[in-house]
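Taking it in order: structure first as C-alpha coordinates, then the write-up.
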Amino acid sequence: MENEAIQVILEDLSVIEQDMAIPKNIRQRIKNAMNFLGGGGEGNVQLQIGKSIEELGDVADDPNIPAYTKMQIWSVVSQLEQK
(Lines give C-alpha, C1' and ligand atoms only; values in the text may rest on other atoms or scores of the structure.)
Protein backbone atom coordinates (compact mmCIF):
# COMPACT_ATOMS: atom_id res chain seq x y z
CA MET A 1 0.00 0.00 0.00
CA GLU A 2 2.76 2.45 0.93
CA ASN A 3 4.53 1.75 -2.34
CA GLU A 4 1.35 2.59 -4.28
CA ALA A 5 0.97 5.84 -2.36
CA ILE A 6 4.55 6.82 -3.19
CA GLN A 7 3.86 6.08 -6.85
CA VAL A 8 0.85 8.42 -6.81
CA ILE A 9 2.98 11.12 -5.18
CA LEU A 10 5.71 10.62 -7.80
CA GLU A 11 3.11 11.00 -10.55
CA ASP A 12 1.86 14.24 -8.98
CA LEU A 13 5.42 15.56 -8.78
CA SER A 14 6.04 14.53 -12.38
CA VAL A 15 3.10 16.65 -13.53
CA ILE A 16 4.49 19.64 -11.61
CA GLU A 17 8.01 19.03 -12.92
CA GLN A 18 6.81 19.02 -16.54
CA ASP A 19 5.10 22.41 -16.24
CA MET A 20 7.10 24.80 -18.44
CA ALA A 21 5.75 27.84 -16.53
CA ILE A 22 8.01 26.83 -13.64
CA PRO A 23 11.64 28.04 -13.71
CA LYS A 24 14.21 25.43 -14.66
CA ASN A 25 16.06 25.51 -11.33
CA ILE A 26 12.82 24.77 -9.48
CA ARG A 27 11.95 21.92 -11.85
CA GLN A 28 15.40 20.47 -11.10
CA ARG A 29 14.78 20.61 -7.35
CA ILE A 30 11.43 18.87 -7.82
CA LYS A 31 13.26 16.20 -9.81
CA ASN A 32 15.72 15.87 -6.89
CA ALA A 33 12.80 15.28 -4.52
CA MET A 34 11.44 12.66 -6.92
CA ASN A 35 14.85 10.96 -6.97
CA PHE A 36 14.89 10.83 -3.16
CA LEU A 37 11.49 9.12 -3.17
CA GLY A 38 12.19 6.80 -6.08
CA GLY A 39 15.67 5.95 -4.89
CA GLY A 40 14.99 2.25 -4.69
CA GLY A 41 13.03 0.26 -2.18
CA GLU A 42 16.12 -0.24 -0.06
CA GLY A 43 17.16 2.03 2.75
CA ASN A 44 15.19 3.97 5.26
CA VAL A 45 11.91 5.04 3.65
CA GLN A 46 11.32 7.65 6.35
CA LEU A 47 14.71 9.20 5.59
CA GLN A 48 13.88 9.35 1.87
CA ILE A 49 10.53 10.96 2.64
CA GLY A 50 12.19 13.43 5.02
CA LYS A 51 14.71 14.49 2.38
CA SER A 52 11.91 14.95 -0.16
CA ILE A 53 9.85 17.04 2.25
CA GLU A 54 12.85 19.24 2.99
CA GLU A 55 13.58 19.77 -0.71
CA LEU A 56 9.93 20.50 -1.53
CA GLY A 57 9.65 22.89 1.41
CA ASP A 58 12.59 24.86 0.06
CA VAL A 59 10.98 24.89 -3.39
CA ALA A 60 7.65 26.14 -2.03
CA ASP A 61 9.43 29.04 -0.31
CA ASP A 62 11.01 30.22 -3.57
CA PRO A 63 9.54 33.60 -4.60
CA ASN A 64 9.74 32.70 -8.31
CA ILE A 65 7.26 29.86 -8.09
CA PRO A 66 3.68 30.44 -9.25
CA ALA A 67 1.00 30.42 -6.54
CA TYR A 68 -0.88 27.45 -8.01
CA THR A 69 2.34 25.43 -8.03
CA LYS A 70 2.94 26.26 -4.36
CA MET A 71 -0.46 24.81 -3.57
CA GLN A 72 0.33 21.65 -5.55
CA ILE A 73 3.63 21.24 -3.74
CA TRP A 74 2.10 21.78 -0.29
CA SER A 75 -0.52 19.18 -1.18
CA VAL A 76 2.24 16.68 -2.00
CA VAL A 77 4.10 17.58 1.21
CA SER A 78 0.91 16.94 3.20
CA GLN A 79 0.58 13.52 1.57
CA LEU A 80 4.21 12.73 2.38
CA GLU A 81 3.84 13.79 6.00
CA GLN A 82 1.06 11.22 6.41
CA LYS A 83 3.45 8.40 5.47
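One residue alone among GLU2, GLU17, GLU81, GLU55 is out of contact with any Pro (no Cβ under 7 Å at 6 or more places or on another chain), acidic (Asp, Glu) and free of Cβ contacts under 8 Å to residues at least 24 places away in the same chain, and that residue is GLU17.
Yes/no per residue for (1) over 11 Å from the mean Cα position of the chain (by Cα); (2) farther than 14 Å from GLN79 by Cα; (3) of a type in the set (Phe, Trp, Tyr); (4) not in a loop (DSSP other than H, G, I, E, B):
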position: LEU10; (1), (2), (3), (4): no, no, no, yes
position: LEU13; (1), (2), (3), (4): no, no, no, yes
position: ILE16; (1), (2), (3), (4): no, yes, no, yes
position: ASP19; (1), (2), (3), (4): yes, yes, no, no
position: ASN25; (1), (2), (3), (4): yes, yes, no, yes
position: ASN32; (1), (2), (3), (4): no, yes, no, yes
position: PHE36; (1), (2), (3), (4): no, yes, yes, yes
position: VAL59; (1), (2), (3), (4): no, yes, no, yes
position: ASN64; (1), (2), (3), (4): yes, yes, no, no
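The set of residues in the stretch 26-67 being exposed (fewer than 11 other Cβ atoms within 10 Å of the Cβ) and either hydrophobic (A, V, I, L, M, F, W, C) or modelled with pLDDT of 90 or more (or both) consists of ASP61, PRO63, ALA67. Residues in the stretch 35-45: is at least one among the aliphatic types (A, V, I, L, M) and closer than 17 Å to GLU2 by Cα? So far as the stretch 35-45 goes, yes, one or more of its residues are among the aliphatic types (A, V, I, L, M) and closer than 17 Å to GLU2 by Cα.
The values are calculated or read from the model by the stated rules, or taken from the named source; none is laboratory data. These numbers come from a predicted model, not from an experiment. Cβ sites come from the backbone with ideal geometry, for glycine too, and all protein chains shown count toward neighbours.
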